[in-house]
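A.B. asks: Here it is, the structure, as C-alpha cells.
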Amino acid sequence: MERTKAENKKLLKDLTAQLKELQTKLAHALKLEGKDANIEVKITKNYARYRKIVTKRREVPDVPAGQFYLTLEITAKQGTVFIPLSIASGKKTAGFMYQIEGTAEGTIDTASVEVKGDGVTQVTVGTLLFAKIPTGKTARFTLELMIRGALKKKYKIVITRLNYKLALTETRYQQYLKELHSDDLTFPDRV
C-alpha cells in the first residue's frame, strides 16, 4: 500500500524535527567533551598547596586554607573571542564558573583571574572587563583561588563552565562546558 502525499509530508516533518533534536544533543555532547568550534582550552599549570590564615587576635585560632593555581591557555580558533575577566561560584554569570568539591564543606576566601598573551588586549564594556583574543592567538589565564576548609579533609576546584562571546554586542554567552579540575589538596592534621 502506497503512502499518500499527506502522510509523506507528516513523516518528513517528524523526521526533520527528530534530526534537529539529535543535532542539538550532539552539539551539547561535543561541548561536554571539550570540542568547541570557537576556542581550544588547555591546562598548562595546575597545583595546590596548604597554608594557614593567621589571625591577629590570640583568642581566635588560625584558619586552615588551601591555595589553588590553574593556568589555562585559550586559543581563538575561527574568530575573535571575548572572555570576561571574572570568576564566580554563584548564579551571577562570570567568565569562569567554579565549584568547590571536597570531603567536607569549604568556603571561598578569595578568587582572582589574570590574563597575558601576545596580541591579547583588555576591553571594558560598562563595568565588565573582557580579554579580547584575536583569531589564532593564545591567551594565558592564571586563576588563583583560596578556600577555607576543615583539617584532614580533601578539596579540589572544578571549573564547571567558561562563558565567552564572539562579539561584545551579543546578549548571550557561548559556553565551553568541559569541566576543568584542579589537583586534589588534603589538609593536614593540625593548623
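The values are calculated or read from the model by the stated rules, or taken from the named source; none is laboratory data. Quick caveat, the model's predicted, so the values are computed rather than measured. FYI the Cβ positions are ideal-geometry reconstructions off the backbone, even for glycines, and counts take in every protein chain you see.
A.B. asks: Of all the residues that make up the range 9-46, how many are touching a residue at least 12 places away in the same chain (Cβ under 8 Å) and of a type in the set (S, T, N, Q)? Don't jump to the end; show me each part of the working.
C.D. replies: Our first condition is that a residue be touching a residue at least 12 places away in the same chain (Cβ under 8 Å); within the range 9-46, this holds for 28, 31-34, 36-46.
Still in the running and of a type in the set (S, T, N, Q): 38, 44, 46.
Of the residues in that region, 3 qualify.
A.B. asks: How do the pairs read when you match residues in the range 109-127 that are within 29 Å of K52 (Cα to Cα) and at pLDDT 95 or above with residues anywhere that are exposed (fewer than 12 other Cβ atoms within 10 Å of the Cβ) and not β-branched (V, I, T), using Cβ under 9 Å and keeping only pairs 6 or more apart or on different chains?
C.D. replies: Taking only residues 6 or more apart or on different chains, the pairs are V115/Q122.
A.B. asks: Tally time: how many residues in the range 98-127 are more than 17 Å from K45 (Cβ to Cβ) and within 17 Å of the chain's Cα centre (by Cα)?
C.D. replies: 5
A.B. asks: Report, by residue number, each residue of the range 12-57 that is within 28 Å of F82 (Cα to Cα), modelled with pLDDT under 90 and basic (K, R).
C.D. replies: K25, K31, K35
A.B. asks: Shifting gears a bit: Would the range 87-96 turn up any residue that is more than 23 Å from I159 (Cα to Cα) and either surrounded by 13 or more Cβ atoms within 10 Å (Cβ to Cβ) or not basic (K, R) (or both)?
C.D. replies: no
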